[in-house]
Structure formats: C-alpha cells, structure tokens
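Remarks on the structure that follows.
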Amino acid sequence: MIARGIMLGPDQPVILHMLDIEPAAEALNGVKMELIDAAFPLLKGVVATTDVVEACKDVNIAVMVGGFPRKEGMERKDVMSKNVSIYKAQASALEKHAAPNCKVLVVANPANTNALILKEFAPSIPAKNITCLTRLDHNRAMGQISERLKVHVSDVKNVIIWGNHSSTQYPDVNHATVTTSKGEKPVREAVADDNWLNTEFITTVQQRGAAIIKARKLSSALSAASSACDHIRDWVLGTPKGTWVSMGVYSDGSYGIPEGLIYSFPVTCEKGEWSIVKGLKVDEFSRAKMDATAEELAEEKTLAYSCLN
C-alpha cells in the first residue's frame, strides 16, 4: 500500500526501511525481493535490516508495528515489561537517527501506552509527532453503521473513538452524520434505535479485534494496514473539510482528559499538524465511558512506569 502511494499520495516517491528481529532476517529479505519484483514506480529504495540504527536513519515517518503479544498465562505486567524494553530501544534509535521532524505512529499493542513510553525515551521528538492507531476502531465503527443503514461507508462521517485502543474504548456516534437521498442526517436519527447504539454497536466495535482472531485464527492484518495508511495520509495531507478522524494523541486536558496520557480524540489535520476538535457536547452516558477508558490508561501508565525502574 505504501509503495503504491496509498499512504502518501500518488506523486510521492518513497524509500522503505523495514526492521525485523534476527530470526526473521531471511523472511524479511524475501519481502524485499517481492517489493523489487513488483516494480512499483514510486518505490525508490528498500532497506531490509535487523539493525535498529540502520532502520531509523533519516526516516521521516515511522510506523511501529513490532511489539510483544500477550500469550496465554501472561500477566499484563509481563507484557508491559517486555514492550517497555522494546519501545525504549526503538525510541532511543529514533531520537538519535531519525529526521528532526519525524512523525511516529504506534500500532503494536498496548498502542497508547507504547506510544507514551516512546515519547519518554525520545524527548527531542515533539510530543505532537507521536501518535497511536485508533483509526482501525474508527473505521470499524463507520463500517458497522454503514452495514446497519445499508449505505456506502463513504456516506458516514464524524464518528469518534475516545480513549484507549482496548475493549474500554468508547465508539461515539452522537456527532456523526450519514448522507441519504434526502440530505445529511444525524446517525442517531437515521438508525432510530438508541438501545442498539448504546449497547451492541459499542461492544461490537470494542471486541471486533477478538472476533477477527476467533474467525481467522490470526489478528487483523489487511484492515490494520489500511487504517495505518489512512492515519498517516490524513495527518500528512490533511482531512477533508468538515470531516474529523480519530487519532491517539498526547492529551492537552481537552474534554477533561488528564494531561500526560495518549488518548484517542476526534482531530482534524492540516499542513501536517493535527488539532483536537473542540466544543463538542458530551452527555452523561458519554462522560462515564470517556472517564472509564481514561482510568484504564492511567493504570497502564502506572504499570509501564513501574517497569522502568
């Protein structure tokens, strides 16, 4: 997708730096061969390496998909501890070797907290340049609404994912709209089933990743890759006028969310910068959901920082 221009546009040449662990070096080289064989006009070079310094050298955009997955019988603290050491090492390499205004997207879970660790160990990368992926959840929410209303997904806009990329995230449609033959309508009005929107819709989006693992016996691949491209494209090239997207970003205290967390907010992007959408009304139902996911993030942060010592 990146080599085809889906992430950065059809006119932007790219050099891909791919990093993997030593046992995967041969397979990584196979991916490099395939990229060369596909003869992508925009692909101006491929670096396939197991050396984090070589991988980070002069990069403008870093998509961090590597992390340690939780395995059966593992406590959250064990997973956190392994990811802290991974992100500490990668953050230090980005800090020393990436381009000065490098944009970072963390995909590997726990994504919000991994991004926070990365920020901690890459202090010269501006906080606004470190984000995590909640666009997959955002796209999932739009997909569920489009299926329910039997409309094209491009007719649905301005859903919001608040909080953590976990099962506490809050998919919110209170400000979302759908384009119908009779013009634009609020999603709540079009769906006309508050019970579904406040229960099944939310849990379906929250647990969609687990449902895909159950069906495929593997975690989300295509949808995660596609939404990572969407996240970077909108961040770099801008969001369409009147449209916002969800991104995990460093909280500035907006909507009463504590500063110092990486939390998913509705944002608009222009000229390579994101801005949190301000002034949206938050009802009591939403407030409780937004606070619950913020609490989980605060707990994760405490856990992660205890692994630093």
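The values are calculated or read from the model by the stated rules, or taken from the named source; none is laboratory data. Quick caveat: nothing in here was measured; it's all calculated off a predicted structure. Virtual Cβ from ideal backbone geometry, glycine too; neighbours counted across all protein chains shown. Note: accessible area is taken over every heavy atom of the protein model, side chains too, but ligands, DNA and RNA are not part of it. Shrake-Rupley method; radii C 1.70, N 1.55, O 1.52, S 1.80 Å.
Filtering segment 252-267 to residues that are of a type in the set (A, V, I, L, M, F, W, C) and over 18 Å from the mean Cα position of the chain (by Cα) leaves only Ile257.
Going by the structure shown, is Glu259 open to solvent by 70 Å² or more (accessible area, probe 1.4 Å), within 18 Å of Ala115 (Cα to Cα) and in contact (Cβ under 8 Å) with a residue 40 or more places away in the chain?
On the way: open to solvent by 70 Å² or more (accessible area, probe 1.4 Å): yes; within 18 Å of Ala115 (Cα to Cα): yes; in contact (Cβ under 8 Å) with a residue 40 or more places away in the chain: no.
No; evaluated as a whole, the condition is false for this residue.
Going by the conditions given, is Asn101 touching a residue at least 40 places away in the same chain (Cβ under 8 Å), in a loop (DSSP other than H, G, I, E, B) and surrounded by fewer than 16 Cβ atoms within 10 Å (Cβ to Cβ)? Answer is yes for this residue.
Taken as a whole, the structure leaves Ala55 outside the set of residues that are closer than 27 Å to Pro10 by Cβ and assigned to a strand (DSSP E or B).
Residues that are closer than 24 Å to Lys103 by Cβ and open to solvent by 40 Å² or more (accessible area, probe 1.4 Å) within segment 29-40 comprise Val31, Lys32, Phe40, listed in sequence order.
Screening Glu259 with (1) modelled with pLDDT of 95 or more; (2) out of contact with any Gly (no Cβ under 6 Å at 6 or more places or on another chain); (3) among the charged types (D, E, K, R) gives one miss only, at (2).
Looking at segment 179-221, what helices (runs of 4 or more DSSP H) fall wholly within it and have at least 1 residues that are surrounded by 11 or more Cβ atoms within 10 Å (Cβ to Cβ) and of a type in the set (S, T, N, Q)? I'd like the intermediate steps shown before the answer.
Values: elements: 187-191, 194-198, 200-206, 208-216.
Counting at least 1 such residues, we get 194-198, 200-206.
The residues listed here are Ser264, Ser286; of these, the one that is in contact with a His (Cβ under 8 Å, 6 or more places away or on another chain) and either open to solvent by less than 60 Å² (accessible area, probe 1.4 Å) or at pLDDT below 95 (or both) is Ser264.
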